[in-house]
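Here is the structure we will look at, set down as structure tokens.
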Amino acid sequence: MVSSFSPSHFLCVLFLFSDTQKHVPSFNPYLLQLSHELLEAYQSDKLDAFGLYAYGMVLLAAKSLPPIRNAPTTQSILMKSILLFPYNWSAWLDLATCALDDASIEQEIEQSLQPILGGHFMYYFFCAHMQAERQAHAEALAIYERMLDPALFGASPYLMTQYALMQYHLRNISEAKRMLEDLHHHTPYRLDSMDVYSNILYVQNDSVGLSQLAHTAVKVDKYRPETCVIVGNYYSIKQQRAKAIQYFQRALKVDSNFTSAWTLMGHEYVEWKRTANAMEAYRRALHAAPNDYRAYYGLGQTYEILNMYMFALYYYKRATQLRPYDARMWCSLGVTFMQLGRPLDAIQAYERAMEQEDTEGVATQKLAALYKQSGQVEKAARCYLRYLELRYQATNTHGVTADDVSLDIMLHGLVVDGAEAEALLYLAHYHKEHGEYETSMIFCSRLLEYPGPEKDQAKGLLRELRQRSVTQARPAMRTRSKGPPASSSGFAFSP
Amino acid sequence: MKAAALPPNPKSITPRNGANSTAFLLSPPPTSSSSAAEYYEQSDWDVAQIRADLHVSSQLLSDRNLKLAAKFAMQQWMGLPAQVVEEATISSASRLIPEELLSASAQERYPAVLYAKTLMELGEYAHAAATLSQPSLSKTTESMPPPLEDLSAVGIYVRAYALYMAGERRKEEDSMEQQR
């Protein structure tokens, strides 16, 4: 959709490499030796399922070393191990790591494993895991739901946690929270993924809940990465930035691949206005998990703060590639395009955002303003109206959608701030241009209590409309807007 | 009234919550039966057999010091419905777990292998690997000599896993040194 850009893109990539070199990774000194020894054992057929798994583990770790002649591929060894003994989840996880690095392996896996293990529950778990990693959360959820059948694995804590995590990633936060809360209540000693529960509590600003969770977690195991992240979130909600970061760092000391601790640390540094530290944290997150959209999004935000919009663009684009169904990614892309003076690309980005759920109306409003700027009147009007509908739905408490009420009721149910005022005025003008004076007056009148420049313009417009409708015969109108036109006698005209 | 071309009404577009639908997504084979219960009656979903397999597997995984995999297997066992009495006569033979794997540890003749296993369980990884390696000519602990001759499959596994873990520990320690 949006055009690709080259010279600055190249610059971004260079910048990226020079930064990651600050962190020099250490290595396992026995990998080369093990690669040779296990190759020989493999070729002499001396490896059982577990020997094969150990060899697979070594091959995976030795990926950065130069390959040995005649050595088999990592995935072939792991699959051999799995076919001999399918209950070693660690082998499946390592196979997943291979496939995530190289997508072409997935078809090889399907061809080799599905004929024999296609009906086996471990294969199902594996497929669900792969789907979740590939951001296909809804598909993974379907598999987990089937497995959670009470006749099968209905009480498996692993499955329940995975189910909750999928809901979380699909942004069904209340459902995810309910499940994690349940799990925590029934098995308070189980800390797996409780850091995600703490994220939910953080986002909902529930400092009491977070405090309770932190106390329990610390009593169970102070040194687990999940506990450290929970405590970090607790300090973050209390705005104690330094302590929060200290705990995220502690989580990483225990497990340097605990990606969420890196991204949370990045967010914390951003809040603390330490952009260089934030970027380092996000980059380390990417080093641990190259497909984590939060790190890309975080980097985009950090560069945006620094007004380095070309870099921000690169990272937001990566985020939208990873989560094309998330409106926030597209919105950020739109904002960046605007900063770069590319309104047409911005329009495309906001249109993509609108296709997803834009519950707050952010994308819709920006899109309307852009349409207005580029003179696409019909689209602008439609968007402004849609924006008002979304604001109505977001602020009213009865779960009523804008479809269920008339235009008049909807407008009066709105809280009018600057953005709504702009929309109301535009629509007032729009309907006037189309000769729909009744409708135009409805919009004008809603602006009369608004303490801003739009109010005066609305008053002027109302005066003009009143004159016109007096001198013109009133046609039987069916407007495109909501509900029946209100009667004009209810308006308060001020001199 | 003008019927102009408008942007798509967002309410009519369902949000796409999955990955790009044209990209390959590894999935379990499609099932012909519509109800889950029917599908579960097929052999691979025989709960009694699954229970027996998981029981055996978790013991095997623990024996080989694969603690996380053992925990995973046990969690799924916990998830199964309560055991029905008639299941007691299920044969433990599983077409999916080779017989030799189950008896391998018990049949191990080399005491060094069993000794190395206990060291591995205590976290003395390099020590465990050294026990199963040829005697070192130098007193150095810098490199590990080649494996002993004629190690069984279990012996090869224990030495390889222990040596790998020893290396990972060195890697962690080096990285901590750097951070200071």
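Its alpha carbons give chain A an Rg and a Dmax of 28.6, 101 Å. Each Lys and Arg Cβ is given +1 and each Asp and Glu Cβ -1; about its Cα centre, chain A then shows a dipole of about 1300 debye. Helix A:137-147 axis versus longest C-alpha principal axis of chain A: approximately 60°, rounded to the nearest ten.
With angles folded into 0 to 90 degrees, how steeply does helix A:7-20 sit against the dominant principal axis of chain A? Use alpha carbons for both and round to 10. Tilt of helix A:7-20: around 50 degrees. Beyond 24 Å in Cα-Cα separation lie the following of the pairs A:222/A:243; A:219/A:273; A:46/B:171; A:253/B:139; A:432/A:455: A:219/A:273; A:46/B:171; A:253/B:139. Adding -39500 (n - 2.57) for every DSSP H run of four residues or longer, then dividing by how many residues chain A holds, sets the calculated 222 nm ellipticity at -22000 deg cm²/dmol. When you filter the chymotrypsin sites (Phe, Trp or Tyr not before Pro) in the range A:153-252 for DSSP loop state and at most 13 other Cβ atoms inside 10 Å of their Cβ, you are left with A:189, A:223.
Looking at A:452, A:235, A:156, which one has the Cα that reaches farthest to the positive end of the dipole of chain A (charges on Cβ: Lys, Arg +1; Asp, Glu -1)? Among A:452, A:235, A:156, the one farthest towards the positive end of the dipole of chain A is A:452.
In percent, rounded to a whole number, the relative contact order of chain A is 6, using alpha-carbon pairs under 8 Å and six or more apart.
Please average, across the residues of B:100-109, the number of beta carbons from any other chain that are within 10 Å of each residue's own beta carbon, and give a whole number.
Counting other chains' Cβ atoms within 10 Å and averaging over B:100-109 gives 1.
Interface between chains B and A: roughly 7200 Å² of accessible area buried, both sides summed (probe 1.4 Å, protein heavy atoms only). Between the Cα long axis of helix A:74-84 and the first principal axis of chain A there is an angle of about 70°, rounded to the nearest 10. Look at the stretch B:65-72: the mean tally of other chain Cβ atoms within 10 Å of its residues' Cβ atoms is 5.
Residues in the range A:319-329 carry Karplus couplings, in order, of 4, 5, 5, 7, 9, x, 9, 10, 4, 4, 4 Hz; the curve used is 6.51 cos²θ - 1.76 cosθ + 1.60 with θ = phi - 60°, and Gly or Pro positions show x.
Of all alpha-carbon pairs in the range A:302-451, indicate the percentage at a distance above 25 angstrom. Tail fraction, whole percent: 34.
Distance from the alpha carbon centroid of the range A:129-204 to that of the range B:107-128 works out to 38 angstrom. Summing Cβ point charges (Lys, Arg +1; Asp, Glu -1) relative to the Cα centre of the range A:307-368 gives a dipole of roughly 280 debye. Per residue of A:139-151, other chain Cβ atoms within 10 Å of the residue Cβ number 3 on average. Each 5 Å bin from zero holds the following percent of Cα-Cα pairs in the range A:76-169: 3, 13, 25, 25, 20, 12, 3, 0.
Computed from backbone phi, the HN-Hα couplings of the range A:170-185 come to 7, 6, 8, 5, 5, 5, 4, 5, 4, 5, 5, 4, 4, 4, 5, 5 Hz, rounded to whole numbers (Karplus: 6.51 cos²θ - 1.76 cosθ + 1.60, θ = phi - 60°; Gly and Pro given as x). In this structure the amide hydrogen of residue B:133, modeled in the peptide plane, comes within under 5 Å of the amide hydrogens of B:148, none closer than 5 places in sequence on its chain.
Straight-line reach from residue B:67: taking Cα to Cα under 16 Å and skipping same-chain neighbours fewer than 8 places apart, the lysines in range are B:117. Electrostatic tally near residue B:68: other residues with Cβ closer than 15 Å to its Cβ, Lys and Arg +1, Asp and Glu -1, net -2. If R0 equals 51 Å, the separation of the Cβ atoms of residue A:223 and residue A:175 corresponds to a calculated FRET efficiency of about 0.95. Under 11 Å from a label point set 7 Å out along the Cα-to-Cβ vector of residue A:374, the amide N atoms of the range A:312-342 belong to A:342.
Other residues lying with their Cβ under 13 Å from the Cβ of residue A:106 contribute a combined charge of -4, Lys and Arg counting +1, Asp and Glu -1.
The values are calculated or read from the model by the stated rules, or taken from the named source; none is laboratory data. The structure presented is a predicted model; accordingly, all values stated were derived computationally and were not measured. All Cβ positions, even for glycine, are placed from backbone atoms using ideal geometry, and neighbour counts span all protein chains on display. These area figures cover heavy atoms from the full protein model, side chains too; ligands, DNA and RNA do not enter into them. Shrake-Rupley method; radii C 1.70, N 1.55, O 1.52, S 1.80 Å.
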